[in-house]
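The values are calculated or read from the model by the stated rules, or taken from the named source; none is laboratory data. In this text the structure is predicted, and so the values were computed from the model without any measurement. Ideal geometry is used to build each Cβ from the backbone, glycine not excepted, and the neighbour counts take in all protein chains shown. Heads up: the accessible areas ignore ligands, DNA and RNA and are worked out on the full protein's heavy atoms, side chains in. Shrake-Rupley method; radii C 1.70, N 1.55, O 1.52, S 1.80 Å.
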Amino acid sequence: MFKMRLMKATDFDAVAELIFLSTNAWYQKHLGHAIFQCRPLDCRLFCEVYDDLDPDCGLVLEHSHNGMIVGSCFFHPRETHVSLGIMNVHPNYFGHGIAGRLLQRIIDEADNRDLPLRLVSSALNLDSFSLYNRNGFVPFCLYQDMVVNVPEEGLPETAWKYPGTVREAGPADLLAMGRLEFEVSGISRERDYCYFIENSTGIWKTLVSVNDEGEVDGFLTSVDHPASRLIGPGVMLTPAAAAALLRAQLDRFRGKSVVFLLPSGEADLVKAAYALGARNCELHLGQVRGIAQPVSGIAMPTFLPESA
């Protein structure tokens, strides 16, 4: 009844509408609000970003009789792992095993590469948690999704002091960023950093924190687009570096609402976010199928592109 194939550029409009419809339908039914407040076609952003980074790494499942796309997903082969991107199923086809088929295809991809498969998934969606758990995924971190409505005049100063500087990242920082993330999280994805810093679409901003010894001890990216206003991904060695980077990124979103994910175990950092006016809006789980190195610092994941 359904056939799987690689996503093509001519599918982007249909996949964008599927992402918009599927995500909003689930959140409206279970939590009473929509995630996407934009136009459906604004969700082409996901297709375009994933295709820029990983051509031929988007999948669709289409109805064999009418050609309708009923499911979609993305995956991201990296140097150290494979990431599972946003997965969507049309509400009319929930319960038809579509998500399971897409997931198995990506599990096979990771197994063929002999790499762990990582994702960030909603802790509130027990159906998706069960799907991943049955297929061997194990949670390794709980993240608090926090939202800040940034005032037009910017945020107040905080008591947190960082003994260094925060500045915009450039190509000369790529090596240090790669080393830092490998040290903190045991993963590497330098192609992503190049993409963020190059910023050919004008929607990304990447900052680095440089300590008083002149060493990069953190970086943090953000995206500002109608379909996605998010801060992340980023890694930092210390809560002080994380708070400084977060405060600087929030200033980009004056007059807007923006979401970011903080590891719940970092109590002081979460407290600093509350002091900036943040409130919790959801919980997510970092999950892995395979081996995950313990985090030696702070990791802030995101959903575009998916990171964990």
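Which ones in the range 4-35 are farther than 14 Å from S122 by Cβ, open to solvent by 20 Å² or more (accessible area, probe 1.4 Å) and among the aromatic types (F, W, Y)?
The one that is farther than 14 Å from S122 by Cβ, open to solvent by 20 Å² or more (accessible area, probe 1.4 Å) and among the aromatic types (F, W, Y): F20.
State which residue is surrounded by the fewest Cβ atoms within 10 Å (Cβ to Cβ) when the search covers only the range 75-114 and only residues that are among the polar types (S, T, N, Q) and touching a residue at least 40 places away in the same chain (Cβ under 8 Å).
Checked the range 75-114; the qualifying residue surrounded by the fewest Cβ atoms within 10 Å (Cβ to Cβ) is T80.
Could you please find all residues in the range 27-66 being aromatic (F, W, Y), in contact with an Asp or Glu (Cβ under 9 Å, 6 or more places away or on another chain) and within 20 Å of L84 (Cα to Cα)?
Answer for the range 27-66, where residues must be aromatic (F, W, Y), in contact with an Asp or Glu (Cβ under 9 Å, 6 or more places away or on another chain) and within 20 Å of L84 (Cα to Cα): just Y50.
From (1) out of contact with any Leu (no Cβ under 9 Å at 6 or more places or on another chain); (2) touching a residue at least 24 places away in the same chain (Cβ under 8 Å); (3) closer than 30 Å to D54 by Cβ; (4) not in a loop (DSSP other than H, G, I, E, B), pick out the condition that doesn't hold for R167.
(1)
State which residue is most open to solvent (accessible area, probe 1.4 Å) when the search covers only the range 234-249 and only residues that are out of contact with any strand residue (DSSP E or B) (no Cβ under 6 Å at 6 or more places or on another chain) and under 30 Å from A34 (Cβ atoms).
Going through the qualifying residues, I end up with R247.
What do you reckon, is T201 under 14 Å from the mean Cα position of the chain (by Cα) and β-branched (V, I, T)?
No.
Scan the range 59-74 for residues that are open to solvent by 10 Å² or more (accessible area, probe 1.4 Å) and either modelled with pLDDT of 95 or more or assigned to a strand (DSSP E or B) (or both) and jot them down.
E62, H63, I69, listed by residue number.
What's the total number of residues in the range 177-226 that are closer than 16 Å to I298 by Cα and not in a loop (DSSP other than H, G, I, E, B)?
The total comes to 20.
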